[in-house]
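The values are calculated or read from the model by the stated rules, or taken from the named source; none is laboratory data. All figures in this text were calculated on a predicted structure; none of them were measured in a lab. Cβ atoms come from the backbone with ideal geometry, glycine included; neighbour counts cover every protein chain shown.
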Amino acid sequence: MREKPNYLKEALKEPYNIWGVFISLAASVYTWTAAPTGWGELAWVPLAFGGVAETIYLTTVPAMSAYRRVVDRRARRKEMVERGRKREELIKGFDPREREAVEYLRWMKNQIYQNYQKFTRLADIPDDIQKLESIWESYVDMLDNYRRRKNHLRSTNLRTIQNQMQQTERSIQTAPDDDTRRLYEKNLAILRKRLQTYDDMERSMKRVEAELQSIEHFFGLVNDQVVVMPSPEHISSLDFDSLLSSIELTKEILEQTAPVMSQLDAAERSTEMRPPVAQRQ
């Protein structure tokens, strides 16, 4: 969730406020040092006037709805720039094939913009086509999520987990006391949870893979339609909103399964510890 701007702090940092304070101080210094003889006693006047003006400014401007909208727009632009910078850093960490897919979609997006302006002779790009920017960003984010989950599952040996479950089940039967049995039962529950969460992650990955393919195909469709469209209004027939809704649903699924990654990591560290002497025997 985006942090709410501090409007008072933003008002203090406004250039015109800083210049106002500077002018007030400069006028006071001038009155004290460079003004005609006898004016030095009036050096407090610019400071007093500046202090009153600053108080009025800080009590009125930060509370104005118009100023708050300006600050909010400025914060959103800054957030978008920072998000873009982080996304570009993220892309640099992709493998060559993944970067190629991302850059190809970026090129196609720009090609669609250029073709639309070229064939319609219009300077403004419609809102629907501009949605390709956010769709491309979602593509990058989901691809990163997909690759991390894929790498994690590749590092997970299901056969090892199944063997550990069988070994733990035998240990439960031969446990020397109730406390030890409960520990083995707890380990068995963790291993069963690992298998369940593995399946959940696998299903979510298939969903993301299908979504990534849908985005790629949709970009191709939009590019085709822009080239052959009889009129600019024809673009409205493309179902941008349906794709955006599907992307949001996929993101929600990923958020719901996000704890799975940390659960698997913790469980893996626990079950990969060497068994006690009694169990090894």
- Mind checking whether some residue in the stretch 225-240 is surrounded by fewer than 16 Cβ atoms within 10 Å (Cβ to Cβ), modelled with pLDDT under 55 and assigned to a helix (DSSP H, G or I)? no
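Could you list, in sequence order, all residues of the stretch 215-228 that are acidic (Asp, Glu) and more than 23 Å from the chain's Cα centre (by Cα)?
Going residue by residue through the stretch 215-228, those that are acidic (Asp, Glu) are 216, 224.
The answer is 224, and nothing else.
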- Failed condition for residue 212, given (1) within 27 Å of the chain's Cα centre (by Cα); (2) over 27 Å from residue 254 (Cα atoms); (3) among the hydrophobic types (A, V, I, L, M, F, W, C): (2)
- Task: Might you check whether a residue that is out of contact with any Gly (no Cβ under 9 Å at 6 or more places or on another chain), exposed (fewer than 13 other Cβ atoms within 10 Å of the Cβ) and hydroxyl-bearing (Ser, Thr, Tyr) occurs anywhere in the stretch 65-78?
- Result: yes
- Query: If you go through the stretch 51-62 one residue at a time, do you hit one that is exposed (fewer than 11 other Cβ atoms within 10 Å of the Cβ), at pLDDT below 70 and assigned by TED's automatic domain parsing to the domain that holds residue 83?
  - Reply: no
- Note on the stretch 82-95: residues outside any helix (DSSP H, G or I) and surrounded by 11 or more Cβ atoms within 10 Å (Cβ to Cβ) are 94
- Item | Given (1) under 29 Å from residue 144 (Cα atoms); (2) part of a helix (DSSP H, G or I), number of the condition residue 186 does not satisfy | (1)
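Let me confirm something: among 203, 207, 192, 159, which residue is without any contact (Cβ under 8 Å) to a residue 40 or more places away in the chain, within 30 Å of residue 98 (Cβ to Cβ) and under 35 Å from the mean Cα position of the chain (by Cα)? Show your work before the answer.
Numbers: 207 fails: without any contact (Cβ under 8 Å) to a residue 40 or more places away in the chain; 192 fails: within 30 Å of residue 98 (Cβ to Cβ); 159 fails: under 35 Å from the mean Cα position of the chain (by Cα).
None of the others qualify; the one that does is 203.
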- Task: Answer with yes or no whether residue 146 is among the aromatic types (Phe, Trp, Tyr), within 24 Å of residue 205 (Cβ to Cβ) and in contact with a helix residue (DSSP H, G or I) (Cβ under 9 Å, 6 or more places away or on another chain).
- Result: yes
